[in-house]
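Notes for the one structure printed next.
The values are calculated or read from the model by the stated rules, or taken from the named source; none is laboratory data. Remember, it's a predicted structure, so these values are computed and weren't measured experimentally. Glycine gets a Cβ as well: all are built from the backbone with ideal geometry, and neighbour counts include every protein chain shown. These accessible areas exclude ligands, DNA and RNA; they are computed on the full protein's heavy atoms, side chains included. Shrake-Rupley method; radii C 1.70, N 1.55, O 1.52, S 1.80 Å.
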Amino acid sequence: MTEAPFIGIQRHRLITDGGGVTTLAAFRDCTLRCAYCLNPQSLRQETPCQHLTPQQLYEQVKKDELYFLATDGGVCFGGGEPCLRTDFIEEFCKLCPKEWLITIETALNVPSDNIRKLQPFVTLWIVDIKDMNPTIYQSYTQRSNERVISNLKILSEARANVMIRVPQIPEYNTEADVNASIEQLKALGFSSFDKFTYITEINK
């Protein structure tokens, strides 16, 4: 059975990870190298991890099923980049009740086959877009955003439930860049956005 490393499992979260009471299951490993990484421990091989199978994770999180059902909550997969763990998430979703909300917090910078494979199981996608401008994106993440744009088109065509986080990143983009990203995303068919500013040492 598939096994995966988790840097943390947090119960009883509200608002930040989708609807209702949510358990956040955060994987290790990411495809990006962001200047202001929110979870740098996900990149460190020496980070203590809990290795679990889908069945073992299900046994841990099902203790909160009453909360999930009463509040339209469920499990949010984050990290790191959860879309690197498609087999694990698929196996897990086949174990849990259909009523659970399954949320993915992702940067979408993964092969498109990963997104297609997960699409039938995901209730809500929370996408951290960084910036739609390829030059800004490359500077901030050290990666290209070609895969991101391709995967956004897949989710748009599938009419998936997507909320996109569009940050203003100190020293990397401006409010005008953020607004330009939102306009591009609207042109792709998206309408739900979380516009905010990263809190860093630079702007404290």
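Annotations
- Restricting the first member to region 15-26 and to residues that are aromatic (Phe, Trp, Tyr), and the second to residues that are crowded, with 24+ Cβ neighbours inside 10 Å, no beta-carbon pair is closer than 6 Å while six or more apart or on different chains.
- Matching residues in region 140-171 - criterion: being open to solvent by 70 Å² or more (accessible area, probe 1.4 Å) and farther than 13 Å from residue 109 by Cβ: 153, 157, 159, 161, 171
- When region 92-131 is filtered for residues that are in contact (Cβ under 8 Å) with a residue 60 or more places away in the chain and in contact with a strand residue (DSSP E or B) (Cβ under 9 Å, 6 or more places away or on another chain), the ones remaining, listed by number, are 101, 103, 105, 107, 123, 124, 126, 130.
- Flag for residue 177 being open to solvent by less than 60 Å² (accessible area, probe 1.4 Å), of a type in the set (D, E, K, R) and closer than 18 Å to residue 126 by Cα: no
- Here residue 184 does not qualify as free of Cβ contacts under 8 Å to residues at least 60 places away in the same chain and either charged (D, E, K, R) or open to solvent by less than 70 Å² (accessible area, probe 1.4 Å) (or both).
- Cβ-Cβ under 7 Å pairs, at least 6 apart or on other chains, region 63-91 side assigned to a loop (DSSP other than H, G, I, E, B), far side of a type in the set (S, T, N, Q): 73/22; 79/39; 79/42; 80/39; 80/42; 81/31; 81/106
- Considering (1) surrounded by 13 or more Cβ atoms within 10 Å (Cβ to Cβ); (2) over 24 Å from residue 111 (Cβ atoms); (3) out of contact with any strand residue (DSSP E or B) (no Cβ under 8 Å at 6 or more places or on another chain), the lone condition that residue 43 does not fulfil carries the number (2).
- Hits in region 3-29 (condition: assigned to a loop (DSSP other than H, G, I, E, B) and open to solvent by less than 40 Å² (accessible area, probe 1.4 Å)): 17, 18, 19, 20, 21, 28
- Lone unmet requirement of (1) without any contact (Cβ under 8 Å) to a residue 24 or more places away in the chain; (2) open to solvent by 50 Å² or more (accessible area, probe 1.4 Å) for residue 189: (1)
- Filtering region 79-114 to residues that are at pLDDT below 95 and either surrounded by 24 or more Cβ atoms within 10 Å (Cβ to Cβ) or within 13 Å of the chain's Cα centre (by Cα) (or both) leaves 79, 80.
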